[in-house]
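A short worksheet on the structure shown next.
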Amino acid sequence: MSHPLIDRLLEELGYAEVSLANHDDFVGVPGMNVLFFPGDTTTVRDATDVAVVLPELVAAFDGRLRPGVVTDVFGDGKTLKRRYGFMEYPALVFIRTGDYVGTLVRIHDWGVYLEKIDELLVAAPRRPPGFNIPVVSVAADPPIAHRKPELQ
């Protein structure tokens, strides 16, 4: 799903379009690489807002952020979304020289972006979060309704 603001990032500003084919090469470049996952711009309300903010962030951090855009929402984008374990669009995924550092989802106030990105620039790499599957605990005793009456 194309949108003029997403197209601008690729065509006018020269951001790399990232897919499974070039992902590893893109994120492996030394420095802080930022993958922008806009999601489907027809349904993700904040996607175009982040598309406007991202170039401003790149400028504010004076070349310390190298942006790429994952435009294929339902194919490669879905696979990469699973790899990085985020649940909401739009998302900015921060990868330093191939190592995952963190993710910011949805739109934020400017000050929040500056603070969080400053933290991510010095943060230690970590494992991307996975999707959580609820774990149900089994009680040692059966529920009261299923207990046999005690003899007195």
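Per-structure values
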quantity	calculated
Mean projection area, nm², convex hull over Cα of the range 4-130	7.0
Net length gained if the chain between Ala59 and Ala21 were fully extended (0.36 nm per residue, minus Cα distance)	10.9 nm
Relative packing of 100-106, 52-58, which averages over residues the other C-beta atoms within 10 Å, highest first	100-106, 52-58
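No value in this document is a laboratory result; all are computed from the given coordinates. These numbers were taken from a predicted model, which means no experiment stands behind them. Positions of Cβ are generated from backbone atoms using ideal geometry, with glycine treated the same way; all protein chains shown enter the neighbour counts.
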